[in-house]
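Report on one structure; see the data block that follows.
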Amino acid sequence: QVLLVESGGGLVQTGGSLRLSCAASGRTFSTYMGWFRQAPGKEREFVAAIAWVTGSTYYTDSVKGRFTISRDNAKNTVYLQMNSLKPEDTAVYYCAAGSGINYSRSQEYVYWGRGTQVTVSS
């Protein structure tokens, strides 16, 4: 069993920054850690992922150059640094752990956190 706890969400103005954290505990034998988000009335979408072993990172096109995913293996923690935030980034952000092949598919992730709200005001 893996427990994921997100933190760091909040309200920020357009152009501002936030840093999300995801602390993992339990049997964290996962291949990828990912961040997904879900805006009201929309489906959950992939944001970014990182491979635990290699540190390889992956991003959806809309956040490339603005968001950075990183990990601290010793702390079992994954971060999402979000810069140049836009109103369309407003959503609940979820951390997830999985061992599948396709890091961008939510179905590949087994464990999920409860989410943290990010609101970007215009």
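The values are calculated or read from the model by the stated rules, or taken from the named source; none is laboratory data. Values in this document were obtained by computation on a predicted structure and should not be read as measured data. Here Cβ is always computed from backbone atoms with ideal geometry, including for glycine, and neighbour counts include all displayed protein chains. Note: accessible area is taken over every heavy atom of the protein model, side chains too, but ligands, DNA and RNA are not part of it. Shrake-Rupley method; radii C 1.70, N 1.55, O 1.52, S 1.80 Å.
Ordered by solvent-accessible area of protein heavy atoms (1.4 Å probe), largest first, the residues 44, 66 come out as 44, 66. Short-range pairs are left out: with C-alpha atoms under 8 Å and at least six residues apart, the relative contact order of the chain is 35 percent. Solvent exposure of the chain, expressed per residue, is 53 Å² of accessible area, with all protein chains present and a 1.4 angstrom probe. In terms of accessible area, using a 1.4 Å probe and ignoring ligands and nucleic acids, 43, 6, 88 rank largest first as 43, 88, 6. Listed by chain and number, the lysines whose alpha-carbon sits under 20 Å from that of residue 86, ignoring those within fewer than 8 places in the same chain, are 42, 64. Here residue 72 and residue 122 are evaluated by their C-beta separation; at R0 = 25 Å the FRET efficiency comes out at 0.15. Using a simple spin-label model with pseudo-atoms 7 Å out from Cα toward Cβ, residue 61 and residue 39 lie 1.6 nm apart. Inter-label distance, residue 31 to residue 101: 0.8 nm, where each label sits 7 Å from its Cα along the C-beta direction.
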